[in-house]
Amino acid sequence: MATRRTTPLLKHLFASRSHFNPTRSVTYMPRPGEGTPRAVTLIPGDGVGPLVTGSVEQVMEAMHAPVYFEKFDVHGDMRTVPAEVIESIKKNQVCLKGGLATPMGGGVSSLNVQLRKELDLYASLVNCFNLPGLPTRHDSVDIVVIRENTEGEYAGLEHEVVPGVVESLKVITKFCSERIAKYAFEYAYLNNRKKVTAVHKANIMKLADGLFLESCRDVAANYPGIKYNEIIVDNCCMQLVSKPEQFDVMVTPNLYGNLVANTAAGIAGGTGVMPGGNVGAENAVFEQGASAGNVGDNKVVEQKIANPVALLLSSAMMLRHLQFPAFADRLESAVKRVIQEGQHRTRDLGGTSTTQEVTDAVIAALE
C-alpha cells in the first residue's frame, strides 16, 4: 500500500489553514521573479520635497518593500533636467519625485513640463477622495481627474508679436485627445467606475475644444457600459464645490485638468493628502497629486511640518504599478489608520505634528 507523503510545501499550506485570516483575499499570483527588488529613480526636489520623500524612504525601509532608490539632486531653477536623470528614469521606468519649483516669468521653463514631454507622460491622474476621520464639507467624494499632459496651453509656444503684444498658442490634436480619452475610459472600465465626464470650453473655443469633445465622443461609443457626459469648465467648477459627489472620472485638456484637480483636492481634504501620478506607454512618475503646495514655503521647511500623506499614498500607487499589491495595501492601510485615529496630523489638517512624527506613526501602524 502506498504511503502518503506530505511535502514541505503542503505542510506549510495545511499549517496555514489553521491560521486562516478571513480578511486576507487571494487576488494576486505573481510570476516567478516578480519579487526581485526594483530600482526607482528618486528626485527629492525643492522646498518640502526632501522632507516628504525622506518620509517615503523611511516607510519603505521599515516595511522592507522590494524597491531601492537611485537619488538625483534636481532643482526647479535648472535650465534642463540633467541627462543622467532622464536616462535613469528610462532605465527604471518609474520615478518618485517631490515638487520642483517653477520660476515665475523669465526664460526658465518648467522642469515638470520638460519631464512630461521628454518621457511622453501623457496622462496625469489625481485621485480626490474623502479619508475616514478627516472632516470635510462634503461626504462621498471619490473623483479621479485624468488630464492630458503634453499639449494644450502647456505646449509652451509663446512669442512677442510686437512690443507689448504676446501670443500664446493652445495646441489640441486628435491623436492626443483620443489617447487621453481612451486612457480615461480604460481606467473607468478596469476600476469599475460608472461615468466619465469630459470637461471643456467648446462653446468659446469651438475648434480646439470641439476637437477634444469629438475625440471623447468617438471613444465613448466603444464603452456602452460606461455613462458619458460633458460639462463646460466654468460650470464644472461651480458644480464641484456645490455637489462634488456627482462626479466619478473626469477627463480634461491640460490646463483645465490642473484647475479641476486642485479644486477637487481642496474639497476632499486638501492637496496634502491627495495622491497622483503621470504615466505614459513606458514610464511613470509618481508625485503629490495636486500641484498647489507641493513645494511649500520656507516656514514649513524650517519647522519641518510638511504633510507626507499625499506622497505616501502616491508611493502606494507606485507599488501597485510595480506589481507589489500587498505592500501597497499595507502602506495605504497604515496611512488611513493614522488619519482616522487623528492623533498625528500636520498643521494643514488641523494638527501640530511634524513630518517625522507623522512618519513614525505610519511606521507604527504598519501590519
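The values are calculated or read from the model by the stated rules, or taken from the named source; none is laboratory data. What you are looking at is a predicted structure, and each value in this text was computed from that prediction instead of being measured. With ideal geometry, Cβ positions are generated from the backbone for all residues, glycine too; neighbour counts draw on all protein chains shown. Heavy atoms of the whole protein, side chains included, go into the accessibility calculation; ligands, DNA and RNA do not. Shrake-Rupley method; radii C 1.70, N 1.55, O 1.52, S 1.80 Å.
Which residues, counting only those in the range 62-116, are acidic (Asp, Glu) and at pLDDT 90 or above? Within the range 62-116, Glu70, Asp73, Glu84, Glu87 qualify. Scanning the range 43-61 for residues that are open to solvent by 40 Å² or more (accessible area, probe 1.4 Å) and farther than 15 Å from Phe324 by Cβ yields a count of 4.
Leu119 falls short of the stated requirement of being among the hydrophobic types (A, V, I, L, M, F, W, C) and in contact with a Leu (Cβ under 7 Å, 6 or more places away or on another chain). Taken over the range 317-329, the criterion of being surrounded by 22 or more Cβ atoms within 10 Å (Cβ to Cβ) and not in a helix (DSSP H, G or I) is satisfied by Phe324 alone.
Might you check whether a residue that is in contact (Cβ under 8 Å) with a residue 12 or more places away in the chain, farther than 18 Å from Ser314 by Cα and not aromatic (Phe, Trp, Tyr) occurs anywhere in the range 64-74? Within the range 64-74 (the criterion being in contact (Cβ under 8 Å) with a residue 12 or more places away in the chain, farther than 18 Å from Ser314 by Cα and not aromatic (Phe, Trp, Tyr)), the answer is yes, since at least one residue qualifies. Checking Ala202, Ala220, Ala208 one by one, the residue that is open to solvent by 10 Å² or more (accessible area, probe 1.4 Å) and in contact with a Phe, Trp or Tyr (Cβ under 6 Å, 6 or more places away or on another chain) is Ala220 and no other. In the range 8-42, of all residues being at pLDDT 95 or above and open to solvent by less than 60 Å² (accessible area, probe 1.4 Å), the one that is nearest to Val309 (Cα to Cα) corresponds to Leu42.
Within the range 155-169, is there a residue that is closer than 17 Å to Pro253 by Cβ, assigned to a strand (DSSP E or B) and either free of Cβ contacts under 8 Å to residues at least 40 places away in the same chain or over 23 Å from the mean Cα position of the chain (by Cα) (or both)? Looking through the range 155-169, at least one residue is closer than 17 Å to Pro253 by Cβ, assigned to a strand (DSSP E or B) and either free of Cβ contacts under 8 Å to residues at least 40 places away in the same chain or over 23 Å from the mean Cα position of the chain (by Cα) (or both). Across the range 172-183, the qualifying residues are those that are free of Cβ contacts under 8 Å to residues at least 40 places away in the same chain and open to solvent by 50 Å² or more (accessible area, probe 1.4 Å), and the one among them that is nearest to Val219 (Cα to Cα) is Lys182.
Among the residues of the range 226-237, some residue qualifies, meaning at least one is open to solvent by 60 Å² or more (accessible area, probe 1.4 Å), closer than 23 Å to Asn130 by Cα, part of a helix (DSSP H, G or I) and assigned by the TED database to the domain that holds Glu148.
Let's see how each residue does on (1) part of a helix (DSSP H, G or I); (2) buried (at least 24 other Cβ atoms within 10 Å of the Cβ); (3) assigned by the TED database to the domain that holds Ala188; (4) in contact (Cβ under 8 Å) with a residue 24 or more places away in the chain:
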residue: Gly276; (1), (2), (3), (4): no, yes, no, yes
residue: Ala292; (1), (2), (3), (4): no, no, no, yes
residue: Val295; (1), (2), (3), (4): no, no, no, yes
residue: Asn307; (1), (2), (3), (4): no, yes, no, yes
residue: Ala310; (1), (2), (3), (4): yes, yes, no, yes
residue: Ser315; (1), (2), (3), (4): yes, yes, no, yes
residue: Leu331; (1), (2), (3), (4): yes, yes, no, yes
residue: Gln340; (1), (2), (3), (4): yes, no, no, yes
residue: Ser353; (1), (2), (3), (4): no, no, no, yes
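Taking Glu186 as the residue in question, decide whether it is open to solvent by 70 Å² or more (accessible area, probe 1.4 Å) and modelled with pLDDT under 95. Taking the combined requirement at face value, the residue does not satisfy it.
Filtered by the rule that a residue be hydrophobic (A, V, I, L, M, F, W, C) and either out of contact with any Lys or Arg (no Cβ under 6 Å at 6 or more places or on another chain) or at positive phi (or both), the range 297-313 gives Val300, Val301, Ala306, Val309, Ala310, Leu311, Leu312, Leu313. Of the residues making up the range 341-355, those that are under 23 Å from Ala328 (Cβ atoms) and in contact with a Pro (Cβ under 9 Å, 6 or more places away or on another chain) are Thr346, Thr355.
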